[in-house]
Amino acid sequence: MLTQGVHHVAYRCHDAKETVEWYGKHLDMDFVLAIAEDKVPSTGADDPYMHVFLDAGGDNILAFFELPTREPMDRDQNTPEWVQHLALKVESMDALLAAKERLEAAGIDVLGPTHHTLFQSIYFFDPNGHRIELACDMKRADLEAKLDTVKWDMLNEWAETKKAPTHARWMHDGSEQ
């Protein structure tokens, strides 16, 4: 494999300081680096920015750009808000439920937990409007193997029909067979 993992994932933010403080307070992420320039190093364009980096755990970095001279940010209006999201892993169901309680106590609306058979998740929005998912794995080797055997059949059927194949319907219909 060519890649060795995710170096960082970058999103835009309204306010870099507010974003760093929010992720520190609500998700315990440490602020690890700030870079600010008036010119974009890769393009040379005049476009001042603040680029902040947060430790998302597991040697993963979550980064944000504040772009004060650009039009206000918005989400992709052609994509439902539930599609574009950042899913972050938590260590246990207890940690997931504690995070939900902590977020709700801070006045943040939280959806879930949602049972996805192989994991459970909660969903909420950061102050920039980015949808965040916290996920707790509930791995089962038998179910993972079953999904592995049908992945190409599902993808090929989808490519031809653009209708949801039923090979893994059991994941969400409660049958878990």
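The values are calculated or read from the model by the stated rules, or taken from the named source; none is laboratory data. Bear in mind the structure is a predicted one, so any value in this text is a computation, not a measurement. No Cβ is skipped: glycine too gets one built from the backbone with ideal geometry, and neighbour counts run over all protein chains shown.
For the stretch 140-155, the criterion of being aliphatic (A, V, I, L, M), part of a loop (DSSP other than H, G, I, E, B) and out of contact with any His (no Cβ under 7 Å at 6 or more places or on another chain) is met by no residue.
Determine whether V32 is among the hydrophobic types (A, V, I, L, M, F, W, C) and in a strand (DSSP E or B). It is true that V32 is among the hydrophobic types (A, V, I, L, M, F, W, C) and in a strand (DSSP E or B). For the stretch 82-92, does any single residue satisfy the condition of being surrounded by 11 or more Cβ atoms within 10 Å (Cβ to Cβ), more than 16 Å from the chain's Cα centre (by Cα) and either modelled with pLDDT under 95 or more than 28 Å from K139 (Cα to Cα) (or both)? No, because not a single residue in the stretch 82-92 is surrounded by 11 or more Cβ atoms within 10 Å (Cβ to Cβ), more than 16 Å from the chain's Cα centre (by Cα) and either modelled with pLDDT under 95 or more than 28 Å from K139 (Cα to Cα) (or both).
Would it be correct to say that V83 is out of contact with any strand residue (DSSP E or B) (no Cβ under 9 Å at 6 or more places or on another chain) and either β-branched (V, I, T) or part of a loop (DSSP other than H, G, I, E, B) (or both)? Judged against the criteria, V83 is not a match.
Quick one: which residue in A95, A99, A105 is loosely packed, with under 15 Cβ neighbours inside 10 Å and touching a residue at least 24 places away in the same chain (Cβ under 8 Å)? First the steps, then the outcome.
Details: A99 fails: loosely packed, with under 15 Cβ neighbours inside 10 Å; A105 fails: touching a residue at least 24 places away in the same chain (Cβ under 8 Å).
From the options A95, A99, A105, the qualifying one is A95.
For the stretch 93-116, taking the residues that are of a type in the set (A, V, I, L, M) and assigned to a loop (DSSP other than H, G, I, E, B), the one that is nearest to the chain's Cα centre (by Cα) is identified as V110.
Out of E21, E71, E66, one residue alone is within 23 Å of G107 (Cβ to Cβ) and more than 15 Å from the chain's Cα centre (by Cα). It is E21.
Screening F64 against (1) more than 19 Å from H26 (Cβ to Cβ); (2) in contact with a Ser or Thr (Cβ under 9 Å, 6 or more places away or on another chain) leaves a single unmet condition, (1). Can you give me the number of residues within the stretch 126-161 that are closer than 21 Å to W82 by Cβ, surrounded by 16 or more Cβ atoms within 10 Å (Cβ to Cβ) and not β-branched (V, I, T)? Of the residues in that region, 8 qualify.
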